[in-house]
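The structure appears right after this line, and notes come after that.
Read-outs throughout are calculated quantities, based only on the coordinates presented, and are distinct from any laboratory measurement. Note that the structure is a prediction, hence the values are computed from the model and not measured. Note: ideal-geometry Cβ built from the backbone for every residue, glycine included; neighbour counts use all protein chains shown.
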Amino acid sequence: MHIPFDNTYAQLPAQMFTPQLPTPVEAPHLIATNAELAAILGIDPAAMKGPEAAQVFAGNRIPDGAAPLAQAYAGHQFGNWNPQLGDGRAVLLGEVVGTDGLRRDIQLKGSGPTPYSRRGDGRAALGPVMREYLVSEAMFAMGVPTTRALAAVTTGEDVTRETRQPGAVIARVAQSHIRVGTFQFFAAKGDIAALQALTDHVIARHYPEADGPAALLDLAIARYAKLIAAWMGLGFIHGVMNTDNVSIAGETIDYGPCAFMDAFHPETVFSAIDQFGRYAYANQPGIGAWNMAQFATALIPLMQDREQAITEFTAAVHRMPGLLETAWLHVFGAKLGLANPTEDDRALINDLLDLMAKDGADFTNTFAALAKGDARDQFVNRAACDVWTQRWRLRRSGDAAAIMARANPVIIPRNHRIEETIQAGLTGDMKPFHALLAAVTKPFDPLTTDRKKYARAPSKDELVTRTFCGT
Ligand code: AMP
Ligand code: MG
């Protein structure tokens, strides 16, 4: 298998990573490959199905030109500082410049221990690999910046989590795997040379329009604000917005106990480890600003006049809530078919969300129904819905239908469906996974007969309210 590697991270100062080969596994078996993504990366899509692919994506065979390494980073986990994290179960194989001119990382996750593994086994379980594959590809299909899934393999080895599970590796693709925590790692060590090299690398790679750390901060804040607004518009809950899980390129990364809401409630939390709801749906914007404050803090040591930088960077972070509010208004405005939403429309949007929360209306299906003209069926309190609908009809734009069709997916990877495919996967049946993947990667297409079951909200018996990061 030929992968046209062109590695740049491996040229950075040695303290930023550790050269690290994946640990071979017993019996690699391909369970999913992404031919369309392979083509963008300059990999022959036919080779993705060939005998070598399982070996390559399991980490058993290192393709020519790869320079495998584990990246160092730190991070705030649930608000607590951890100076030493890093790729504990992942290796970066290398980078490729795609047919679209964009540079991307190819990383194997679940590829064995590294110097950053701490007490972990360096492995990933099949369930979380399936979840990441499905959700990241669904996010891409819905137009949300995200890492993507290139391939997944089972390893033929078991891993021990709450229970024993088949082990798996996911090959994922990102604009880079550089995180807020990567900056924090060197800032905390006082390693200004590495911090400067990292900053230069990130500017050249992701923000070439930035002329220094201040501009980088502004641009990263703007991208992250848009990203979180996009999550909000889909009812997506990331679940672990630790600073080590915040991509500097502004992509959704590190799909762990993430999930999409069924019934709308702003305080919804899925992650079993998020006891206090730090990363609940409605807290995501505030946590986003908190994360950017940590990024700003990590950039301060690069500045000549630190006092002035603190003033400037504080102002930049304080602009994030406003940017997010604006992005949110546009996201939800589009969901309601408002071409040019104004401040006055906030009440219209919030009143709908209030009704939905009171009623436990299904988030995705309410907006999908509105896109067809009427969400009455989604409500128990139909009278209240009717009153709101009257207001909305007076306000929505002439081209509302077209705007709404692009803003409101009819199929998302619902938690109970993901869980169902994982249960089948654990018994060796990947058919439900592929059927769900096919459905969620066409989120805006009409609901043909075979797709209807993926749009249906879970019944009480089917509801899955807890997710696990599976680390
Ligand atoms: P995560 O919660 O997956 O974002 O991981 C947080 C940190 O723990 C990262 O440094 C991971 O590399 C590390 N980690 C998670 N799971 C494992 C594992 N099974 N083995 C080694 N390191 C892990
Ligand atoms: Mg992580």
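Couple of notes before you dig in:
- Amide H contacts of ALA168 (H built 1.01 Å from N, under 5 Å, at least 5 apart or other chain): ALA124, ALA125, LEU126, THR155
- In this structure, ARG395 and ARG61 have a Cβ-Cβ separation that, at R0 = 60 Å, corresponds to a calculated FRET efficiency of about 0.55.
- Cα-based shape type of segment 248-333, given that a ≥ b ≥ c are square roots of the gyration tensor eigenvalues and the cut on a/c is 1.5: prolate
- Counted charge near LEU198, where neighbours are those whose Cβ lies closer than 11 Å (Asp, Glu -1; Lys, Arg +1): 0
- Remark: VAL440, VAL269, VAL129 ranked as VAL269, VAL440, VAL129, counting other beta-carbon atoms within 10 Å and listing the fewest first.
- Counting Lys and Arg as +1 and Asp and Glu as -1 over every other residue whose Cβ lies under 9 Å from the Cβ of GLY110, the net charge comes to +3.
- All Cα pairs of segment 9-174, percent lying beyond 20 Å: 51
- Pairwise label distance in nanometres, THR449 with GLU462, each label 7 Å out on the Cα-Cβ vector: 1.8
- Evaluated over the Cα positions of the chain, the convex hull gives a direction-averaged projected area, one quarter of its surface, of 21.8 nm².
- Taking segment 377-406 and a reference point 7 angstrom along Cα→Cβ of ASP351, the backbone N atoms nearer than 18 Å belong to 379-397.
- Percentage relative contact order, the chain, counting C-alpha pairs under 8 Å, at least six apart: 15
- Cα-based reach from LYS358 at 28 Å (exclusive), listing lysines while leaving out same-chain residues under 8 positions away: LYS226, LYS335, LYS372, LYS452, LYS453, LYS460
- Helices assigned as whole DSSP H runs in the chain whose Cα atoms extend at least 27 Å along their own long axis and whose mean Kyte-Doolittle hydropathy is 0.0 or higher are found at 213-234, 306-335.
- Extension gain, THR471 back to GLU209 (0.36 nm per residue minus Cα-Cα distance, nm): 90.6 nm
- DSSP beta bridge pairing in the chain, given as percent antiparallel to the nearest 5: 95
- Summed side-chain charge close to ILE411 - residues other than ILE411 whose Cβ falls under 15 Å, Lys, Arg +1, Asp, Glu -1: +3
- Residues ALA405 and HIS29, FRET efficiency given R0 of 30 Å [Cβ-Cβ distance, rounded to 0.05]: 0.15
- Treating each Cα of segment 395-467 as an identical point scatterer and summing with the Debye formula, the log10 of I(q)/I(0) at q = 0.24 Å⁻¹ comes to -1.10.
- Seen from every direction in turn and averaged, the convex hull around the alpha carbons of segment 329-407 projects onto 4.4 nm².
- Rounded to 0.05, the FRET efficiency of the HIS2 and ASP374 pair, given R0 = 51 Å and the Cβ-Cβ distance, is 0.45.
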